[in-house]
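Take a look at the structure below.
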Amino acid sequence: MKKLLLGLMLAGMAATESFSAEARIVQNERAPLPAAVASETPIVTGEGFTPFMLSLVTPLQVPSDTWDVGGLRVNLLYGECQNFAGLDISGLAGRTYGRADGLLIAGVANVVNGDSTSWMIAPVNYVDGAYSGFQVGAVNIASVRSNAEAGALQIGVYNYSNYLRGCQIGLINQTHDLIGIQIGLINIIQNADVTVLPIINGHF
């Protein structure tokens, strides 16, 4: 257990080196997708860095929500931080205002207002900016901003991504632009020649 925590802390410290880097800028042309997802989300560093954060309900947490976390974050009920990298475990929900990378597990919701490269497991998973990874839950939402892109696999009841390179599996799947495939009861690609198809839909 000590080796696991030490490994997470070291990984988090290395990841926080990227927090001060400029965010990637989305390309004007939409097809084909670039190798990496991109958005114009600015990266703002917190007022401090910690390898461990413990929260009951924000603001009842140590340290405060203005800090970056690289390592382990435990939200007994609900917690917030600026940027995150590592393992995030929430009884109800966890929120990251900036970038979140790693494994995020919550009893109700994972919320990221910036960009994310992560595995997200919760009834509701939400990423406002660019996303790369895997989401599984009842509702999965990624790359909400019009300039954001996602390279992801989404598995849930309802899956949404503004611009997706990857796959959606669920009852209702929706994208604005897609390079990939949708499998579900209702599949919506808003910019495709055929907008709605049952069972399977795709665009390449």
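Sort out which residues of segment 79-106 are closer than 20 Å to VAL136 by Cβ, surrounded by fewer than 24 Cβ atoms within 10 Å (Cβ to Cβ) and within 11 Å of the chain's Cα centre (by Cα), and write them in order of number.
Passing the criteria: ARG95, LEU103.
Does LEU178 fit the bill of being of a type in the set (A, V, I, L, M, F, W, C) and open to solvent by 10 Å² or more (accessible area, probe 1.4 Å)?
no
Quick one: would you say VAL194 is open to solvent by 40 Å² or more (accessible area, probe 1.4 Å) and modelled with pLDDT under 95?
Yes, satisfied.
Based on what the data block shows, is GLY79 at pLDDT 95 or above, at negative phi, in a loop (DSSP other than H, G, I, E, B) and out of contact with any Pro (no Cβ under 7 Å at 6 or more places or on another chain)?
no
The values are calculated or read from the model by the stated rules, or taken from the named source; none is laboratory data. This structure is a prediction, so every number in the text was calculated from the model and none was measured. Note that each Cβ is placed from the backbone with ideal geometry, even for glycine, and that neighbours are counted across all protein chains shown. Quick note on the areas: whole protein, heavy atoms, side chains included, nothing else; ligands and nucleic acids left out. Shrake-Rupley method; radii C 1.70, N 1.55, O 1.52, S 1.80 Å.
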